[in-house]
Amino acid sequence: MSDVTRGGQFLVKETKCESIFTPEDFNEEQIMMRDSVKEFVDKELWAHKARFEQKDYAYTEACMKKAGDLGFLSIAVPEAYGGMGMGFVNTVLVCDHISGATGSFSTAFGAHTGIGTMPITLYGTEEQKQKYVPKLASGEWFGAYCLTEPGAGSDANSGKTKAVLSEDGKTYKITGQKMWISNAGFCSVFIVFARIGDDKNITGFIVENDPANGITMNEEEHKLGIRSSSTRQVFFTDTVVPVENMLSERGNGFKIAMNALNVGRIKLAAACLDAQRRVITSSVEYANERVQFNTPIAKFGAIRYKLAEMATSCYAGESATYRASKDIEDRIAAREAEGASHQDAELKGVEEYAIECSILKVAVSEDVQNCADEGIQIFGGMGFSEDTPMESAWRDARIARIYEGTNEINRMLSVGMLIKKAMKGHVDLLGPASKVGEELMGIPSFDTPDYSELFAEEKEMVAKLKKVFLMVAGSAVQKYGPDLDSHQQLLMAASDILIEVYMAESTILRTEKLAKKEGADKVEQQIAMAQLYLYKAVDIITQKGKESIISFAEGDEQRMMLMGLKRFTKYTNMPNIVALRNTIASKLIDENQYCF
C-alpha cells in the first residue's frame, strides 16, 4: 500500500497531477449514472421546487421512494444486501448531482443513505445486515439517526439517553430525548445512541419505529431552510430493544458516530457542488437577460467579478472533492487486496482521510453559502423574492455549516487529527518542519527560477504555502504541546492555512492534468480559475499566518517567523486578476451556464 498516499500526506509529499482523479476522468458508466441522476432531479425535484418550499413533506417522501425505485439509494450498499456495490467515487458522484435542486431532498437522501443505512452496513452483524439493509437499499424502509440531544450537540458522547438491560438479559429499555432527527416523520428504523450504566462511551442500537413501543415525536420543526425535510424531536420511553439489535459492541457508539461523520463530511461537500452549479447557471441566465442602462448586466464588470468568483470556488470544490474521493476508493481497494473485509476496508479507508473530509466540509459549505449570497445580489430585488430560486438556495445552504460537525469543530479537528497522525508516525511533519526552521535561519536563494512550464511558479507557491503551515503549526506545537487544543483561535487560523493549501493544490493539479490532455490553449478558463484561486489563497494564508504568529511568538522569534512568512508568500509574477476574472466570466456568459 506504499504507493497510496496517506491522509494528510499532501502537506509533506509532492503530488503529481497524473496521480489524482478529476471529474474529467469519469468513465462511461459514471457519465451515464450522472446523466440519469440529473434527469431524475430535473423532472422530479427542480420542476417542483415550490412544493419543497411549501413544506410538502409527503412529496419529499414520495421522491425518496422514486429514488429507491431507480436504485439511487443503493449505490454504496454491497450487492449481497440488495445494493449496487459501487465504489466510493460513484457514491460521491450520485450524492453530488442528486443534491443540487433542493436542500430538503438532499438532506433526506443524505440522512438515509449515509447515517441511516451505513452504520448497519459497516458495523452490523450478518443477521442485522440481512434483515435491514435490503429494505433500506430499495427504499421500502427509510432510516434515521438519533445522536443529538438537547445537552449533547458537538459533544456527542455526553448524551443522557439510557439503555437498561432487562433481568432476563434479553432486551434493553431505552429512555431519552433526541432532537433534530432528519427523516423522523417517515422513517422505519432508527440508529439510536444511548449509554448503558456508567459507561464512558455511548452504545449504538437499531430501533424499529413503532409508536406502540414507547416512541413519540414532536411536530415538524419549522426551519430557516430545508423546509420539507422531516425534522422532529423523538422521545423514547422504556422502548424495548432486543439485545441482538445492539450495533457493534457495547461502548462502541462514539466510534460509530465519529466514523459516520467522516463519511458524512465528504458527502456533504459533494452535496453542495451541484447547488453551486445551479445557482451559477441561474445567475448567468439572469445576467444575460436583465437589461439596465440599455445594456445586459452581464457586461458590467461588477457582475462579471461575481460570476468569475462563484465559478472558481465551485471548480475548486469539485477538484478537491473528487481528488479525495478517489484517494479513499484506492485506499479501500488496497486494504481489500490485503485481505481485509469490505466493512473493515471501507471504515479504515475513510478514517484514513478524515483530515481531508473535514477540510472539504468546511471549504465547500462556506463556498456554497457565498455563491448563493452573490446569486441573490446578481438578481437584485428579485433575488429576495420567493419567485426566484436564489432565496431558497441561500436558506438551504446555511445548514451546511452546522451539521456533520460545525465548521468551527471541523477546523480544529483537521489540525488536531494531523498532529495526532504525526505523533503516531503516519505523517512525517517533524522532519519537514525542522527543514523549514533551518531554511529560515539560512540565506534565501537569489537565483532566477525557470517558470516557463505551465504552473511552474504556481506549484512552487503551493510548496511554499505548505511551509507556512509547517512553520506555524510546528512552532505552536513546540510552545504549547498537549495544551494546543485549548488555543482554539490559533487552531482555526492554522486550519484555514491547511484548507487553502489543499484546495489550491487540488485545483492546480486538476487543471494541469486537463491541460496536458487537451492542450493549454483549450483550457484557458480553467487555467484562469486555478490561478485566481491561488492568488486568493495566498492572501488568506498571509493574513492567517500573521495572525497565528503574533498570537504566540514574541521578540526575535516573532520577527524571524514574520520574515519567513513574507518569504514563503512572495508571488513573483502575479497574474492580472481582472483579466483572469474576465476570461472566466466571458466563457460563462457565452455558454449561458456553468460549463466547466
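Considering only the range 246-273, state which residues are within 12 Å of Glu404 (Cα to Cα) and within 8 Å of the chain's Cα centre (by Cα).
Gly264, Arg265, Ile266, Lys267, Leu268, Ala269
Mind checking whether some residue in the range 130-149 is of a type in the set (A, V, I, L, M, F, W, C) and surrounded by fewer than 19 Cβ atoms within 10 Å (Cβ to Cβ)?
no
I'd like the residue in the range 187-237 that is assigned to a helix (DSSP H, G or I) and not aliphatic (A, V, I, L, M) and, out of all such residues, is most open to solvent (accessible area, probe 1.4 Å).
Top of the filtered list is Pro211.
Given the criteria free of Cβ contacts under 8 Å to residues at least 24 places away in the same chain and either among the charged types (D, E, K, R) or open to solvent by less than 70 Å² (accessible area, probe 1.4 Å) (or both), does Glu61 qualify?
When the stated conditions are applied, Glu61 does not pass them.
For the condition surrounded by fewer than 24 Cβ atoms within 10 Å (Cβ to Cβ), among the polar types (S, T, N, Q) and in contact (Cβ under 8 Å) with a residue 40 or more places away in the chain, what is the one hit in Thr121, Thr113, Thr117, Thr107?
Testing whether each residue is surrounded by fewer than 24 Cβ atoms within 10 Å (Cβ to Cβ), among the polar types (S, T, N, Q) and in contact (Cβ under 8 Å) with a residue 40 or more places away in the chain leaves just Thr121.
Write out, first by first residue and then by second, each pair whose Cβ atoms fall under 6 Å of each other, whose residues are 6+ apart or on separate chains, and whose first residue, in the range 386-403, is within 11 Å of Lys223 (Cβ to Cβ) while the second is among the small types (Gly, Ala, Ser) and surrounded by 22 or more Cβ atoms within 10 Å (Cβ to Cβ).
Asp396/Gly103
State whether one or more residues within the range 345-368 are surrounded by fewer than 22 Cβ atoms within 10 Å (Cβ to Cβ), at negative phi and hydroxyl-bearing (Ser, Thr, Tyr).
no
Tally up the residues in the range 166-175 that are open to solvent by 90 Å² or more (accessible area, probe 1.4 Å), more than 14 Å from Gly204 (Cα to Cα) and touching a strand residue (DSSP E or B) at 6+ places or on another chain (Cβ under 8 Å), please.
Matching residues across the range 166-175 total 1.
May I ask you to say which residue of Val501, Val477 is assigned to a helix (DSSP H, G or I), within 20 Å of Gln9 (Cα to Cα) and more than 26 Å from the chain's Cα centre (by Cα)?
Answer to the selection: Val477.
So in the range 497-532, with the set limited to residues that are among the basic types (Lys, Arg) and touching a residue at least 12 places away in the same chain (Cβ under 8 Å), which one is surrounded by the most Cβ atoms within 10 Å (Cβ to Cβ)?
Among those residues, the one meeting the criterion is Arg510.
In the range 539-596, what residues are over 30 Å from Ala308 (Cβ atoms) and among the aromatic types (Phe, Trp, Tyr)?
Across the range 539-596, the qualifying residue is only Phe552.
Counting just the residues of the range 177-186 that are open to solvent by 20 Å² or more (accessible area, probe 1.4 Å) and in contact with an Asp or Glu (Cβ under 8 Å, 6 or more places away or on another chain), which one comes out nearest to Glu244 (Cα to Cα)?
The residue in question is Gln177.
Consider only pairs whose beta carbons are under 8 Å apart and that are at least six residues apart or on different chains; among these, list those whose first residue lies in the range 31-42 and is closer than 16 Å to Val92 by Cβ and whose second residue is modelled with pLDDT of 95 or more and open to solvent by 70 Å² or more (accessible area, probe 1.4 Å).
So the pair list comes out as Ser36/Leu70.
This table checks each residue for (1) among the charged types (D, E, K, R); (2) open to solvent by 40 Å² or more (accessible area, probe 1.4 Å); (3) touching a residue at least 40 places away in the same chain (Cβ under 8 Å).
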residue: Leu534; (1), (2), (3): no, no, yes
residue: Asp539; (1), (2), (3): yes, yes, no
residue: Glu547; (1), (2), (3): yes, yes, yes
residue: Ile550; (1), (2), (3): no, yes, no
residue: Glu557; (1), (2), (3): yes, yes, yes
residue: Thr569; (1), (2), (3): no, no, yes
residue: Pro575; (1), (2), (3): no, no, yes
residue: Arg581; (1), (2), (3): yes, no, yes
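List, please: which pairs have Cβ atoms under 8 Å, are six or more places apart or on different chains, and start with a residue in the range 410-439 that is within 30 Å of Ala400 (Cα to Cα) and end with one that is part of a helix (DSSP H, G or I) and basic (Lys, Arg)?
The qualifying pairs are Asn410/Arg265; Asn410/Lys361; Val427/Lys421.
Any idea how many residues of the range 290-322 are farther than 18 Å from Ile577 by Cα, open to solvent by less than 10 Å² (accessible area, probe 1.4 Å) and of a type outside the set (A, V, I, L, M, F, W, C)?
5
The values are calculated or read from the model by the stated rules, or taken from the named source; none is laboratory data. Treat the numbers as computed from the prediction; the structure is a model and nothing was measured. We place every Cβ from the backbone using ideal geometry, glycine too, and count neighbours over all the protein chains shown. For the accessible areas, the whole protein counts, side chains as well, though only heavy atoms, and no ligand, DNA or RNA atoms are used. Shrake-Rupley method; radii C 1.70, N 1.55, O 1.52, S 1.80 Å.
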